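A short write-up of the structure that comes next.
Bear in mind that the values in this text are calculations on the coordinates, not laboratory data. Computed from a prediction, not measured in an experiment: that's the story for all the values here. Using ideal geometry, Cβ is built from the backbone for each residue, glycine included, and neighbour counts are taken over all protein chains shown.
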Amino acid sequence: MEAIRFARTGVDAGKRGMSNASLAQQIFLSDVGHALGRAGLAAKRWRKQYDNGGGESFYFRLAREVAEVAGIGLPKDLKLLGQRAAQHEYGMMSPAMRMAQEVELADRRQRLSDLACR
């Protein structure tokens, strides 16, 4: 549900050369993969052969079905999008972002302690 909500609201990457819509699709696909992992299922990106015919992996088929129900547009070929989505790391923060977060938290703590003293 969170993946659908985030995909519908979109993201503002603020990066030059990166489309916000493309990034939202990557995050959606990444979230579907993480949900499969939490359920104990493999999120394989490559195509497999099923029942003597060509087809997509369960991961891609599930992402397509959820996206269709939720009204989220995905490209026809999910291979490149899946490769980019696999590079998303949760819980990782760049050193600059970590420093900015520490400064913000220190500022909030200071403001809260000033309020408590009153």
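Highest mean packing comes first when the peptides 57-67, 23-33, 102-112 are listed by Cβ atoms within 10 Å, giving 23-33, 57-67, 102-112.
Each residue of segment 24-35 was assigned a 3J(HN,Hα) from its phi angle through the Karplus curve 6.51 cos²θ - 1.76 cosθ + 1.60 (θ = phi - 60°); the sequence is 4, 5, 4, 5, 4, 5, 4, 5, 5, x, 5, 5 Hz, with glycine and proline shown as x. Our coupling estimate for segment 70-76, obtained by passing each phi through the Karplus curve with A = 6.51, B = -1.76, C = 1.60 and θ = phi - 60°, is 8, x, 9, x, 10, x, 5 Hz, Gly and Pro reported as x.
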